[in-house]
Amino acid sequence: MPIIPNWIQSRYRVLMDAFGTDSFRRDDAVRALEVFGDDAANVSVVLGELRKAGLVLSELDPEDNRARIYRLVRMEDMIEKEMNIGDDLGREELYSLLKKAADLIRTAVDYKYILVLLFLKRLSDRWEKEYLEKKEELMDIGIPEEAAAEEAKLPQYHQFNMPEEYLWENIRSDVNRLPERLASAIKYISEMNPDLKGIFDTVEFTSFTGNRENLTILNQLMELFSSKNLNLTSGDILGDAYEWVLRYFAPQKAKEGEVYTPREVIELMVDMLEPAPGESVYDPAAGSGGMLIAAYKYVKRKHGKEGAAKLFLYGQERNSTTYGLCKMNVYMHEIGDPKIERGDTLLYPKFRKSGRLRSFDRVIANPPWNLDGYDESQLKTGEFWRERFVYGFPPKQSADWAWIQHMLASTEEDGKVAVVLDNGALFRSGKEKAIRKKTLEDDLLDCVILLPEKLFYNTGAPGAIMVFNKGKDEKRKGRVLFINASQEYVKHPDVRKLNMLGDENIRKISGAYASFSEEEGFSRAVSLDEIRENDYNLNVTLYVFPEEEVEEIDVEKEWKDLKEVEERISQVEERIEGYLEELR
């Protein structure tokens with residue numbers, strides 16, 4: 001229940017003493033609140049505030065259609081109702097709905113159609129809620145219902161501009177023209193709402209439903225989503241449900257080359273970066289937005305919603321479909337005003353300030369591993385290449401160290417970077433070794449973490465997290481912390497062949513990083529001198545190798561058992577010798 005000002009609470013108590021839960025009119029309320037010296041205008045404000053808080057209900061006066069009748073709701077009933085509608089109930093209901101949607105499409109239809117319909121339903125339900133609230137508010141101050149209804153439709157009262165004809169129920173009502181209506185709706189919504197540009201670009205309902213089977217699936221999805229009012233679901237739950245769809249289809253999409261970063265890996269990376277209110281977080285390979293959303297959730301958990309509102313999020317994504325999914329994802333999570341741009345980051349970084357490359361407090365990414373085709377000749381065709389690739393150019397076969405250099409160039413002087421890459425980036429020779437050497441000599445690398453195998457949907461390779469720190473404290477200067485987390489995993493609950501990082505694993509790894517602590521077989525702070533001796537090879541197992549469990553042996557017992565075995569063997573040999581003598 002929202003916080004109610006004391007002056008409203010005091011008037012609520014007087015009204016409750018006067019009327020209880022019986023009906024009353026505005027004039028009755030004016031008389032009851034005379035003790036405060038309130039006039040009719042003030043009473044209208046009081047009733048409006050109580051209505052927003054859910055503590056008063058109103059309906060048209062059957063004796064005078066220009067007036068309204070009010071009825072108070074007991075505060076204890078309101079609290080009890082809110083307690084009964086918990087997050088878990090809403091979450092499970094929505095997950096169940098999406099599971100049915102997933103069963104409908106299986107592998108025949110791209111999962112993006114589920115996400116687009118879910119997003120469209122959310123926009124429509126939100127618009128209707130805003131409309132009803134504004135209409136009630138206007139009527140509470142005496143505006144006739146018909147005029148209030150027209151006024152409440154105006155764009156300034158809504159987060160997004162959606163004319164009535166494109167509301168969910170109006171689209172759904174014309175079954176015979178459903179694909180055309182959906183196509184028109186998303187085209188109009190995209191044109192009238194610049195913030196939504198690019199979200200629907202890759203979804204084409206008309207051609208999609210040229211297949212009769214797809215048309216049937218679309219109708220079924222529309223009916224399925226119509227059963228749920230998404231305004232009864234919080235942004236946190238709805239956003240998590242959106243992530244559930246991405247995770248559910250990750251094994252299938254991995255076979256098609258689409259990359260989904262496990263949320264536990266992202267959580268670990270964010271924990272180590274520790275973003276805070278007032279800071280900026282940038283993901284140059286934003287994907288579906290998981291890392292930016294995780295950073296927002298981290299700050300919200302540590303500093304509350306107000307603190308999270310002061311976090312500035314930036315992301316760039318090259319793939320147009322994934323870019324749309326990213327924008328939908330952040331909107332579903334009701335994250336304020338993230339800046340998401342589309343384009344090739346390595347060639348055309350979109351974020352700049354005063355004509356130069358923009359820098360951020362925290363930079364985080366899971367870029368495409370071993371991306372081909374970004375050697376010196378290609379990178380020099382891009383923008384800001386001189387200030388980004390100061391340590392050299394990577395080989396054509398792998399852009400891993402191009403990504404790292406771009407991220408370092410995009411980081412504030414005291415900022416930090418966390419990136420997850422293929423292990424080969426730690427030890428490959430040639431041009432990559434030359435770049436690696438220079439970043440080490442500039443003392444930028446803070447930590448290297450070897451992850452467990454089989455964490456990622458698209459590869460069994462373990463991967464490694466590298467943390468760079470431009471503002472190292474004295475304890476960290478001249479050293480790199482190596483963490484061998486290859487044994488820190490639990491079995492994945494849903495995908496038989498996969499592992500995952502459990503909560504305890506994440507706490508152990510991030511705790512070791514935060515304290516820069518050493519533990520035999522797990523973590524070790526290594527000097528730059530030792531890394532030089534190893535020819536700048538960052539392979540974690542060179543520096544930290546998990547201790548193998550050594551079984552304690554009871555020598556006396558083992559010796560006794562061995563003697564007993566030898567005696568039995570001797571007896572068997574004697575019997576066999578006897579059998580052979582008889583056969584001779």
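The values are calculated or read from the model by the stated rules, or taken from the named source; none is laboratory data. Bear in mind that the values here come from a model prediction, so they are computed numbers and not experimental data. Cβ sites come from the backbone with ideal geometry, for glycine too, and all protein chains shown count toward neighbours.
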Kindly evaluate N214 against the criterion of being of a type outside the set (G, A, S), more than 20 Å from K112 (Cα to Cα), assigned to a helix (DSSP H, G or I) and outside the structural domain of M291 (by TED's automatic domain parsing). no
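When only residues in segment 22-60 that are in a helix (DSSP H, G or I) and among the polar types (S, T, N, Q) count, which is farthest from the chain's Cα centre (by Cα)?
Within segment 22-60, the subset in a helix (DSSP H, G or I) is 26-36, 40-52.
Now drop any that are not among the polar types (S, T, N, Q), which leaves 42, 44.
Numbers: N42: 44, S44: 42 Å.
My answer is N42.
Residues in segment 431-442: is at least one touching a Lys or Arg at 6+ places or on another chain (Cβ under 6 Å), closer than 24 Å to E387 by Cα, assigned by TED's automatic domain parsing to the domain that holds M500 and buried (at least 16 other Cβ atoms within 10 Å of the Cβ)?
No; the residues of segment 431-442 include none that is touching a Lys or Arg at 6+ places or on another chain (Cβ under 6 Å), closer than 24 Å to E387 by Cα, assigned by TED's automatic domain parsing to the domain that holds M500 and buried (at least 16 other Cβ atoms within 10 Å of the Cβ).
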From the set of residues in segment 145-175 that are in a loop (DSSP other than H, G, I, E, B) and among the aliphatic types (A, V, I, L, M), which is surrounded by the most Cβ atoms within 10 Å (Cβ to Cβ)? M162
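Counting only residues that are outside any loop (DSSP other than H, G, I, E, B) and touching a Gly at 6+ places or on another chain (Cβ under 9 Å), which one in segment 258-270 is farthest from G511 (Cα to Cα)?
First, the residues of segment 258-270 that are outside any loop (DSSP other than H, G, I, E, B): 263-270.
Narrowing further to those that are touching a Gly at 6+ places or on another chain (Cβ under 9 Å): 263-266.
Values: R263: 18, E264: 15, V265: 15, I266: 15 Å.
By that ranking, first place goes to R263.
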Checking Y248 against (1) out of contact with any Asp or Glu (no Cβ under 7 Å at 6 or more places or on another chain); (2) crowded, with 24+ Cβ neighbours inside 10 Å; (3) within 27 Å of R122 (Cα to Cα); (4) not acidic (D, E), which single condition isn't satisfied? (2)
Is there a residue being in contact with a Lys or Arg (Cβ under 6 Å, 6 or more places away or on another chain) and either crowded, with 18+ Cβ neighbours inside 10 Å or modelled with pLDDT under 90 (or both) anywhere in segment 524-540? yes
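Name the residue, out of K416, K475, K454, that is among the basic types (K, R), assigned to a strand (DSSP E or B) and under 23 Å from D271 (Cα atoms). So that I can check it myself, show each step before the final result.
Numbers: K475 fails: assigned to a strand (DSSP E or B); K454 fails: assigned to a strand (DSSP E or B).
Sole residue among the options that is among the basic types (K, R), assigned to a strand (DSSP E or B) and under 23 Å from D271 (Cα atoms): K416.
One line per residue, one yes/no per condition, for (1) in contact with a helix residue (DSSP H, G or I) (Cβ under 8 Å, 6 or more places away or on another chain); (2) modelled with pLDDT of 90 or more:
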site: D77; (1), (2): no, no
site: E82; (1), (2): no, no
site: I85; (1), (2): yes, no
site: E93; (1), (2): no, no
site: L117; (1), (2): yes, yes
Criterion first (in contact with a Phe, Trp or Tyr (Cβ under 9 Å, 6 or more places away or on another chain), in the same structural domain as L357 (by TED's automatic domain parsing) and not in a helix (DSSP H, G or I)) does G424 satisfy it? no
Among (1) at pLDDT 85 or above; (2) closer than 30 Å to A295 by Cβ, S184 falls short only on (2)
